[in-house]
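Chemist: Input: one structure, supplied below.
Each reported figure results from applying straightforward, stated rules to the coordinates on display, with no laboratory input. None of these values were measured; they are calculated from a predicted model. Cβ coordinates were reconstructed from backbone atoms using ideal geometry, including for glycine residues, and neighbour counts include every protein chain displayed.
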Amino acid sequence: MAPVKDLPETNSSLENGRLPRHVAIIMDGNGRWAQQRGLLRIKGHAAGVDAARTVIRLARNLGISYLTLFAFSEENWQRPAMEIKAIMGLLRRYLAQELREMQDNQIAFKAIGNLQQLPAAVQRDLAHTTEATAAGAKMVLTLALSYGGRSEIVQAVQALAQEIKAGRLQPGEIDATLFSRYLYTGDMPDPDLLIRTSGECRLSNFLLWQSAYTELYLTDTLWPDFREEEFIKALQSYQQRERRFGLTQEQIEALNASNSRH
Ligand code: IPE
Ligand code: IPE
Ligand code: MG
């Protein structure tokens, strides 16, 4: 993996600001990228894998702790069977090819979503990759597969209801913190920055609960064209944001001043 010093020049402009701890990305636009070139959609997905590899490496080198990539939604099951098959094939190949690099670079792999819906071979590969990279302590790389935010919330409600039924929990004990722990992302912080490529301005059922106070970065760039420079631009944009969490600007300034004193 390329060390940080080999990164493009623009990287130096990130040095003085705070990086997001958790970046989530809706990797959209593979089909249009292929169409523009007169190629089959699947060629766009293959190019999308290259973009994902580039962004994962850069996130790891920059020291981002959590990277969550939306790779396949629950709604995407409605796509043509051939396209789904091709995406699953690309995923399996990616996992096999990248395992060593993930291990060498201390990346812990995770998959979230309704994973039981995935083909058995994919489930096996995901479980193997997760196990084989569990010791990775530098970055958590999460792929959202067969993922839907509403389903995730519903399964959390079901699990909580079971706890209540079993007498292990009182309804009044449920608060936002406890609820968060029942989501697939229970052991991760909420995303600080959510990127969506290809010009669409919607969440498409991604991390609905977790994105309550996430900064959004929308770009017209199609996912296969989203490379180092684009990612750095998104991070620079994040660094220029002022996150207020419902407070006034004066309150935020006072908090920042007291944080910098401690
Ligand atoms: C995103 O690209 C990848 C998946 C949803 C699997 P698309 O395949 O949605 O590309 P567009 O939106 O059709 O261009
Ligand atoms: C969202 O993209 C899902 C992924 C990127 C995996 P879609 O292309 O499925 O979203 P819509 O249909 O445009 O909302
Ligand atoms: Mg799309």
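Chemist: Which pairs turn up if I take residues in region 230-247 that are closer than 24 Å to LEU58 by Cα and look for partners that are among the polar types (S, T, N, Q) and part of a loop (DSSP other than H, G, I, E, B) with beta carbon separation below 6 Å, at least 6 apart in sequence or on another chain?
Modeler: GLU230/THR221
Chemist: I need a count of the residues in region 53-98 that are away from ligand 1 (no atom under 12 Å from the Cβ) and of a type outside the set (S, T, N, Q).
Modeler: 22
Chemist: Which of the residues that make up region 23-40 are within 11 Å of ligand 2 (Cβ to nearest atom) and not aliphatic (A, V, I, L, M)?
Modeler: Those that are within 11 Å of ligand 2 (Cβ to nearest atom) and not aliphatic (A, V, I, L, M): ASP28, GLY29, ASN30, GLY31, ARG32.
Chemist: For LEU67, are the conditions met, namely being within 23 Å of THR130 (Cβ to Cβ), more than 14 Å from ligand 3 (Cβ to nearest atom) and not in a helix (DSSP H, G or I)?
Modeler: Answer is yes for this residue.
Chemist: Condition check: outside any helix (DSSP H, G or I), touching a Leu at 6+ places or on another chain (Cβ under 8 Å) and within 16 Å of ligand 2 (Cβ to nearest atom). Does SER204 satisfy that?
Modeler: Considered against the rule, which asks whether it is outside any helix (DSSP H, G or I), touching a Leu at 6+ places or on another chain (Cβ under 8 Å) and within 16 Å of ligand 2 (Cβ to nearest atom), SER204 comes out as no.
Chemist: Across region 11-52, what is the total count of residues that are more than 11 Å from ligand 1 (Cβ to nearest atom), in a helix (DSSP H, G or I) and either acidic (Asp, Glu) or in contact (Cβ under 8 Å) with a residue 12 or more places away in the chain (or both)?
Modeler: The qualifying residues number 5.
Chemist: Which of (1) surrounded by 13 or more Cβ atoms within 10 Å (Cβ to Cβ); (2) free of Cβ contacts under 8 Å to residues at least 24 places away in the same chain does ALA176 not meet, given it meets every other one?
Modeler: Answer for ALA176: the failing condition is (1).
Chemist: What are the pairs with Cβ atoms under 7 angstrom where one residue, in region 179-205, is on the phi > 0 side of the Ramachandran plot and surrounded by fewer than 20 Cβ atoms within 10 Å (Cβ to Cβ) and the other, located anywhere, is of a type in the set (Lys, Arg) and not in a loop (DSSP other than H, G, I, E, B)? Sequence gap at least six, or different chains.
Modeler: Pairs found: ASN205/ARG150.
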